[in-house]
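What follows is a short report on a single structure.
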Amino acid sequence: MGRINELRMIARVAQMYHGEGRRQAQIAEHLHLSQATVSRMLKRAEQEDIVRTTVIPPPGTFSELETAMRERFGIGEVIVVDCSEDREGAIMARIGEGAAHFLEMTLRQDEVIGVSSWSETVLRMVDNIHPLKGTKAKYVVQTLGGMGDPSVQTHATQLTTRLARLTGAEPRLLPVQGVAASQEAKGVMLSDPFVRETMELFGAISLAIVGIGAIEPSELLARSGNVFSRQELTALTDAGAVGDLSLRFFDLKGQPVRTPLDSRVIGLPFEDLARVPRVMALAGGASKTLAIMGALRTGAIDVLVTDKYTAARLAG
């Protein structure tokens with residue numbers, strides 16, 4: 001009976017602490033115990049399974065889907081956002097909100113942020129970020145060439161400079177075409193000292209924020225002029241490509257798809273992206289499901305922000 005009596009006392013201490021909201025000192029005084037004994041009893045209550053911790057996800061969150069995604073793809077963190085409908089515009093807005101909050105909460109002092117400047121979803125994230133008053137980043141580095149059609153090229157520049165302003169960082173722009181007309185043209189562009197200065201920071205990036213593209217380019221990217229021809233896109237599909245990270249293509253197994261087109265891209269190489277300590281990818285929607293699956297299998301992504309419909313397709 002000695003053990004039963006001991007457990008009864010432990011249960012009473014646990015009830016007073018967890019159920020009645022009393023402090024340890026109050027419990028010790030009430031039961032004429034030392035505070036050290038009360039502390040030991042509370043630990044024993046957990047060991048004896050008298051007290052169990054239960055996490056109840058609040059409405060609008062999807063912990064089971066997030067767990068299934070982490071386990072299936074071996075990714076460190078998955079954020080699944082709620083969305084009223086499985087429609088691209090609505091999905092991008094919700095992903096942008098979720099990513100903005102996560103960035104605000106996890107940004108470290110003097111972070112060097114690399115940002116893929118032609119992603120509409122990343123643009124939505126920037127739209128939702130509040131100016132940071134405490135933690136400040138050091139640089140925001142544009143990781144894909146931003147020049148293109150003059151009517152839309154400002155998106156890339158504004159995205160980078162706005163994110164820098166919101167995070168208290170210095171912007172480092174990449175003022176060249178994202179896709180050069182030829183390798184020779186790319187060589188000329190890379191000789192620019194401003195371009196070299198920005199690209200030299202690629203190795204210092206501690207957080208990369210990227211969108212995941214499908215083979216069919218987004219409307220923003222298509223209008224920018226930073227895209228390949230229809231014949232070139234067909235060649236990528238024939239080679240097994242399902243998507244891209246900053247115009248670096250991969251197949252469904254996550255393996256890079258190398259074609260001559262790769263040598264014309266002016267931006268962060270895939271190998272450099274894979275070495276970044278923390279890569280946060282933002283993507284959702286039915287048209288990007290296979291692209292997201294392939295991207296997760298590259299092993300380059302540490303955090304994925306997606307919607308509940310896409311997560312269900314990926315986790316199934």
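Against the main long axis of the alpha-carbon atoms of the chain, helix 2-14 sits at an angle near 60°. Simple point charges give the picture: +1 on the Cβ of Lys and Arg, -1 on the Cβ of Asp and Glu, and for the chain a dipole about the Cα centre of about 960 debye.
Debye-formula intensities of the chain, expressed as log10 I(q)/I(0) at q = 0.07 Å⁻¹, are -0.37 (one equal scatterer per alpha-carbon, no solvent).
When +1 charges are put on Lys and Arg Cβ atoms and -1 charges on Asp and Glu Cβ atoms, the dipole computed for segment 2-47 relative to its Cα centre reaches about 100 debye.
The order of 245, 268, going from fewest to most other C-beta atoms within 10 Å of their C-beta, is 268, 245. Once backbone amide H atoms are built at 1.01 Å from N, residue 177 has 147 as its partners under 5 Å, excluding neighbours fewer than 5 places away on the same chain. Here's the picture: charge each Lys and Arg Cβ at +1 and each Asp and Glu Cβ at -1 in the chain, and of 229, 132, 190 the one pushed furthest to the positive end of that dipole is 132. Positive end of the charge dipole of the chain (Lys, Arg +1 and Asp, Glu -1 on Cβ, about the Cα centre): tell me which of 311, 284, 145 has its Cα farthest that way. Value computed over the given set: 311. Listed by Cβ neighbour count within 10 Å, with the fewest neighbours leading, 133, 253 appear as 133, 253. For residue 43, the aspartates and glutamates whose Cα comes closer than 16 Å to its Cα, not counting residues fewer than 8 places off in the same chain, are 6. Of the residues 273, 56, 208, the one whose Cα sits farthest toward the positive end of the charge dipole of the chain, with +1 on the Cβ of Lys and Arg and -1 on the Cβ of Asp and Glu, is 56. Which parts of segment 99-133 would a label at residue 170 reach, counting a residue when its backbone N lies under 15 Å from a point 7 Å out along Cα-to-Cβ? Under 15 Å, as judged by backbone N against the label point of residue 170, lie 110-113 of segment 99-133. Taking a ≥ b ≥ c as the square roots of the eigenvalues of the Cα gyration tensor of segment 1-123, is the shape rounded (a/c under 1.5), prolate (a/b larger than b/c) or oblate? The shape class here is prolate.
Counting every other Cβ atom within 10 Å of each residue's Cβ, 293, 125, 9 order from fewest to most as 9, 293, 125. Spin-label model, residue 87/residue 253: points 7 Å from Cα along the beta carbon direction are separated by 4.0 nm. Based on C-alpha pairs under 8 angstrom that are at least 6 apart in sequence, segment 63-315 has a relative contact order of 25 percent. Karplus-based coupling profile of segment 72-82, in residue order and whole Hz: 5, 10, x, 9, x, 8, 10, 10, 9, 9, 6, with θ = phi - 60° in 6.51 cos²θ - 1.76 cosθ + 1.60 and x standing for Gly or Pro.
Read the figures in this text as sums done on the coordinates, not as results from a lab. Given the structure is predicted, the values throughout are model-derived calculations rather than measurements. Quick reminder, even Gly has a Cβ in these numbers, built from the backbone with ideal geometry, and neighbours come from all protein chains shown.
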